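I have placed the structure first, in the form of structure tokens, so that the comments after it can refer back to it.
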Amino acid sequence: MAHRVTGVLIFFFLFVHVLDTALVRVSPEAYDDVVSTYKTPLVALLEYGLVAAILFHALNGLRVIAVDFWSKGPRFQKQMLWTVMGIWIVLMVGALYPVLGHAVREVFGS
């Protein structure tokens, strides 16, 4: 279920990204206004959520491939899920500062 949800969220992001990028051809000023809203702390949190969705979707996708194509995959499905979750948590902790560092400095000062 989470794999499908993250897939839909990533699709929605890509759809919005294509629209906002296409806006530069229609009105460069409007594009600049939209891009300036992306530099807010709220959007930084959304970016962190996007990183979380992409990482989980990618790692869980590898697990799904292993379950489907490895003869012992179904037997080790639960262990692979916990491995995916562990790797995901480590990577998300590692992404905290690079993704949210600017937002924290903006909210709390340097």
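The residues on offer are T6, T40, and the sole one that is touching a Phe, Trp or Tyr at 6+ places or on another chain (Cβ under 9 Å) and polar (S, T, N, Q) is T6.
Being under 13 Å from V99 (Cα atoms) and among the charged types (D, E, K, R) is the filter here; which residues of region 36-88 pass it? Listed by number, the residues that qualify are K39, E47.
Yes or no: E47 of a type outside the set (A, V, I, L, M, F, W, C), out of contact with any Ser or Thr (no Cβ under 7 Å at 6 or more places or on another chain), touching a residue at least 40 places away in the same chain (Cβ under 8 Å) and within 28 Å of H3 (Cα to Cα)?
yes
Any read-out appearing in this document is the output of simple, stated calculations on the displayed coordinates, not a laboratory observation. None of these values were measured; they are calculated from a predicted model. We place every Cβ from the backbone using ideal geometry, glycine too, and count neighbours over all the protein chains shown.
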